[in-house]
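The values are calculated or read from the model by the stated rules, or taken from the named source; none is laboratory data. Quick caveat, the model's predicted, so the values are computed rather than measured. All Cβ positions, glycine included, derive from the backbone under ideal geometry; neighbour counts span all protein chains shown.
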Amino acid sequence: MSELLRARLTLPIALALVVLLALGLAASTWHVFDQTWDEPEHLAAGLSLLDRGHYVYDIQHPPLGRLALAVGPYLAGARSQGKAPPDGKPEGLAILYGSGHYDLYLTLARAGALPFLALLVVMSYFWGRTVLGRWGALGAAAFTATTPVILGHGALATLDVPAAATCLLALYATLRWFETGRLGAALWLGLTLGLALGTKLSAIPFCGLGAGALALLRYWEREGRADASPPVARASWLAGAALVVLAVGAVLTLAYGGRFIYLTDETHKFNQALWWVFGAKGTLHDWAYALFAQFPVPEALQWYLGGIEAVTVHNDTGHLSYLLGEERLNGWWYFYLVTLAAKTPLPLQLLGAPGLLLLARDGIRARDARRLALPVIFVALTVFASTFSHINIGVRHIIVLYPLLAVGAAYTLACAQAFVGRSAAGIRRQLLAGGLAALILMQATTLVRAWPDYLAYFNVLVADPEHVVVDSDLDWGQDLKRLIARLHELKVPFVALAYSGSADLTREGLPPYALLGPDQRATGWVAVSALARAEAPRHFDWLTPYPRRERVGKTIDLYFIPAAAP
């Protein structure tokens, strides 16, 4: 092999190794954890569409990501059980437990998320390439691949990592189209945007805000730099925009099954999607109903609008959330700021935040849209999530921010390396180089110290995680399998159990047990999960006088209460 060929292959091989590291670490946790709250419903929705051609379970999420999760179980023999919608949990449990292949189906469903985890790491590299050299971009990919939150959620049959990966892909395609204006780039943008919009509805604001920021920055750069590329002709932009819309529509139509329907007819004079968009009466209502009675449209339109309505209603009514020992229905504006600070490794924080600031500084100085894009998008998405979202149930909803932070961390390292290279040998140079090396080592060793509990990871500044956040940031029901194994090791004859999760406890191999309600006292063996405590604050305080025998995993406290206890 020639030196030139070896040099060309070194970087792709290194990137492939980083991707494989992330995939291997995520997959290595599968055997440890039971199903988490949302996994059965995602499997149920995807399998129903594959097997029966109907998308009826929890329509507030589009189907593309769920289809990817369901393909493996479907090929292994899993089939839809036809439970009544809209709640997909009973259907998911029937699929997982019904045929005796629980571990196989759950593992295959989780494997369906791995391509999206790989895509997220690769997109970190490509976004890094916009502001760094190739090896600096590899550093961004490495920071992403070594972030426990990403590995924890990337190991699950859920939609958060797929949503982040497809959003970053679509935004990168947006950047390329804005820079070139080519029809090929427009087609690629339409396909990738359709993929993002078909995976999770958060892509609507995230891609919308990101694209808006990129458009404004592109205009700002062009107006202020003599060497900026000239604007693309209006006709080319219009043709490209039309191609984007058509490609998005095609992807979404196929994702929902490819069928065309009349939204209204003589026997169905009411349509929920039309009612939500055009109201119950009025001129627009009448025109819409008359129009859609004459022309068939993709069934995807009805379901997609229904999903947007469902998410809007969910957000308006709120979701019970936990933060810093409080619970609220409508969340906190600072929820994501706290969770980012608590669940992001310190090296990534200490390098990433300054890196985004340096990118903003350098972007403004050079009037460079590419450098300024990353910090602007990071701020825009953070502000949106903090001010708009009332569904504060996990940092997983803003995983898309982590690769941007990873690029910032790599940019800090590149700037520091340049500074060290310019500095004369001395104590300052040695201290800086040593400090940077220590941070990189700390980031890498976090993977070893946190394994296998990447999902429940908190950085070293958080002494008591359950007093910060709970739900999917700490306890998503994942430690039940560990509890069962421990109870059998201890030969526990009977346990009083307070557990919050989606598992079917009657089929999980527990020893004889009784469900323990809030304020219900018990003697003997007692197990209480962190989420069960959070859902009933202070109602398990009667356990406080008794020493905890041990913590099973990261989330379940095990006690032995003497029979003579009052």
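Suppose we filter Ala22, Ala27, Ala16 for residues that are more than 14 Å from Gly152 (Cα to Cα) and of a type in the set (A, V, I, L, M, F, W, C); which single one remains?
The match here is Ala16.
Is it true that some residue in the range 399-406 is of a type in the set (A, V, I, L, M, F, W, C), within 30 Å of Asp557 (Cα to Cα), in contact with a helix residue (DSSP H, G or I) (Cβ under 8 Å, 6 or more places away or on another chain) and at pLDDT 95 or above?
yes
For the range 290-311, does any single residue satisfy the condition of being under 29 Å from Arg533 (Cα atoms) and at pLDDT 90 or above?
yes
Kindly indicate the residue of the range 243-279 that is of a type in the set (S, T, N, Q), surrounded by fewer than 19 Cβ atoms within 10 Å (Cβ to Cβ) and over 31 Å from the mean Cα position of the chain (by Cα) and also modelled with the lowest pLDDT among those meeting that condition.
Top of the filtered list is Thr267.
Could you identify the single residue in Gly139, Gly77 that is small (Gly, Ala, Ser) and closer than 30 Å to Leu359 by Cβ?
Only one candidate passes the filter, namely Gly139.
Looking only at helices (runs of 4 or more DSSP H) that fall completely inside the range 82-162, which ones have 2 or more residues that are closer than 11 Å to Ala22 by Cβ and in contact (Cβ under 8 Å) with a residue 40 or more places away in the chain?
114-129, 134-145, 148-154
Out of the range 56-81, which residues are in a helix (DSSP H, G or I) and in contact with a His (Cβ under 7 Å, 6 or more places away or on another chain)?
Arg66, Leu69
Is it the case that Asp479 is within 23 Å of the chain's Cα centre (by Cα) and of a type in the set (Asp, Glu)?
In short, yes.
Answer yes or no as to whether Phe458 is modelled with pLDDT of 95 or more and farther than 20 Å from Ala527 by Cβ.
Answer is yes for this residue.
Regarding the range 416-439, can at least one residue be identified that is surrounded by 15 or more Cβ atoms within 10 Å (Cβ to Cβ) and without any contact (Cβ under 8 Å) to a residue 12 or more places away in the chain?
So far as the range 416-439 goes, yes, one or more of its residues are surrounded by 15 or more Cβ atoms within 10 Å (Cβ to Cβ) and without any contact (Cβ under 8 Å) to a residue 12 or more places away in the chain.
Matching residues to (1) among the basic types (Lys, Arg); (2) closer than 30 Å to Ile398 by Cβ; (3) under 24 Å from the mean Cα position of the chain (by Cα); (4) modelled with pLDDT of 95 or more:
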| residue | (1), (2), (3), (4) |
| --- | --- |
| Asp475 | no, yes, yes, yes |
| Glu489 | no, no, no, yes |
| Phe494 | no, no, no, yes |
| Glu508 | no, no, no, no |
| Pro562 | no, no, no, no |
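Looking at Ala137 and the list (1) within 24 Å of Asp473 (Cβ to Cβ); (2) over 13 Å from the mean Cα position of the chain (by Cα); (3) buried (at least 21 other Cβ atoms within 10 Å of the Cβ), which single condition is not satisfied?
Failed condition: (1).
Considering only the range 280-301, I want to know if a residue exists there that is under 25 Å from the mean Cα position of the chain (by Cα), part of a helix (DSSP H, G or I) and of a type in the set (A, V, I, L, M, F, W, C).
yes
Which members of the range 304-331 meet the condition of being surrounded by 14 or more Cβ atoms within 10 Å (Cβ to Cβ) and touching a helix residue (DSSP H, G or I) at 6+ places or on another chain (Cβ under 8 Å)?
Of everything in the range 304-331, those that are surrounded by 14 or more Cβ atoms within 10 Å (Cβ to Cβ) and touching a helix residue (DSSP H, G or I) at 6+ places or on another chain (Cβ under 8 Å) turn out to be Tyr304, Leu305, Gly306, Ile308, Glu309, Asn315, Leu320, Ser321, Tyr322, Leu323.
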